1. Which of (1) outside the structural domain of Met226 (by TED's automatic domain parsing); (2) under 30 Å from Asn204 (Cα atoms) does Leu308 not meet, given it meets every other one?
2. In segment 68-84, is there at least one residue being among the small types (Gly, Ala, Ser) and over 30 Å from Arg22 (Cα atoms)?
3. Hey, can you tell me all the residues within segment 213-231 that are of a type outside the set (A, V, I, L, M) and over 26 Å from Trp336 (Cβ atoms)?
4. Yes or no: Ile102 modelled with pLDDT under 70, part of a loop (DSSP other than H, G, I, E, B) and more than 26 Å from Val128 (Cα to Cα)?
5. Report yes if Lys237 is buried (at least 22 other Cβ atoms within 10 Å of the Cβ), in contact with a Ser or Thr (Cβ under 8 Å, 6 or more places away or on another chain) and farther than 28 Å from Asp131 by Cα, otherwise no.
6. Out of segment 342-400, which residues are over 45 Å from the mean Cα position of the chain (by Cα) and at positive phi?
7. Quick one: which residue in Arg166, Arg230 is under 20 Å from Leu333 (Cα atoms) and either modelled with pLDDT of 95 or more or charged (D, E, K, R) (or both)?
8. Within the set of pairs 6 or more residues apart or between chains, which connect a residue that is in a loop (DSSP other than H, G, I, E, B) inside segment 232-253 to a residue that is among the acidic types (Asp, Glu) with Cβ atoms less than 8 Å apart?
Amino acid sequence: MVGTENLKRILDQICRDKGIDRALLIDAIEEAVRSAVRKKFGSRRDIEVQFNEELGEIEVFQYRTVVEEVFDEETEISLDEARMLDPEVELEDDLGEKLDNIADLGRIAAQSAKQVIIHRMRDAEREVIYDMFRDRQGTIVNGIVQRFERGKMIVNLGRTDAVLPREGQIPKRSFKQGDRIRAYLQEVRQDSRDAQLLLSRTCNEFLIKLFELEVPEIAEGIVKIMGCSREPGFRAKIAVSSIESDVDPVGACVGLKGSRVQNVVQELQGERIDIVPWSPDPAKYVYNALAPAEVSMVIVDEENKLLLVVVPDDQLSLAIGRQGQNVRLASKLMNWRIDVKSEQRYANLENPGYRSLIAIEGVDEGMADRFFAAGILSAAMLAEMEPGEIAAAGRIGEEQAETIKILAAEIPPVDMESEQQPEAIDRAEPGGDGQGPEPVAGEAETPGPAPEDVAAETAASPQEEDAPAEDQPATGNNDTEAG
């Protein structure tokens, strides 16, 4: 007999604490004892293990066939010995015998039983956790920071632990053991031998869900979040629209004196958020997405999903943002490629002489600007100059200048008078009423010296962790700060 006076109480406590079905746990114990008995008495024995609810103990029975002469003691029993147990037994009957001498199964057998129980309990517990959290996938959960393992954060959710991996943590934002934390439940795994619940605080969905919790109009479906892009810990943009004309989607998300957006910013530990009005017109949409920078003109290439945005010279650094962050986020938000150019650069590009300069291999727009500023107005003029003069004008080495002089001579001369300006693909002036769309909520960089123009790809690399903080926000009519 394998049993203990406390077995029934222990079973009830485990089922209550772990949420495991009692029948599953009893089945695990029976399997463990069966495995241990076979290791002790032989693997060929026909063993049956049952849990006796009335006695609260495990009972083990061995079944053997009744024979005249025994050749295998593990599976056979003699008729005489069998009739000592059951006087009515006959030959070829299967006789069950209760084993009472198995209290000491031995160290190896006991260890085997322990492993089986642990394995079955873990499987049952994983199933319980999966059933409990599968309907909560895609929601925000609350927990307490338990510990840190190789950069991963272990978060206790009450009944179980979840893992917040390093890539799911906001850079430079620290939590300590015991801190309360909110995160997005990104994945619930059923058969994972490692982490079953995966969290994230850097995904776009976390920001969207935070706004759903803070803004009743979003939860009710009146205001919709049409797009979101983030560089976690630094800056984010969301595009919003309203299905009711009398509801301002930006104002609803910002809240009275910025209360709603500030709650989100606080949860993200200072991440700056731009809230922009969504528009089906890509020209107007990009005008909103690049705010508070002013936009002079947008050229739309629908086929290639490319937007050429022309801004005033003094707005270029504001439109691009520090290290290209503003235009990069706008590009991700719209899922379009955005090429931002200053008015002067755009005017230069329509000049045939300027285009002949950038047609030279190794001459980019920045170098062409320097040549233009020095009075070198075409590739033909460049080909006639001395390498030293080219090097001084372009701020390059003499060896590179000599190569550029040779390549410039290969560019066909242009007729400055007869050259026609290229026809724009689709020119769209944002804000047809001349006033432009309503200014959007968000932080902005202070304009500085115009850098090189930037083309922002949708798949652009994210903001470096050690990037300096954003400059102070620019002011403007009705601009609302977020963060």
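The values are calculated or read from the model by the stated rules, or taken from the named source; none is laboratory data. This is a predicted model, so every value here is computed, not measured. Cβ sites come from the backbone with ideal geometry, for glycine too, and all protein chains shown count toward neighbours.
1. All conditions pass for Leu308, except number (1).
2. yes
3. Answer for segment 213-231, where residues must be of a type outside the set (A, V, I, L, M) and over 26 Å from Trp336 (Cβ atoms): Glu214, Pro216, Glu217, Glu220, Gly221.
4. yes
5. It is true that Lys237 is buried (at least 22 other Cβ atoms within 10 Å of the Cβ), in contact with a Ser or Thr (Cβ under 8 Å, 6 or more places away or on another chain) and farther than 28 Å from Asp131 by Cα.
6. Answer for segment 342-400, where residues must be over 45 Å from the mean Cα position of the chain (by Cα) and at positive phi: just Gly375.
7. The conditions single out Arg230.
8. What qualifies is Pro232/Glu271; Gly233/Glu271; Gly233/Glu465; Phe234/Glu271; Phe234/Glu470; Val247/Glu217.
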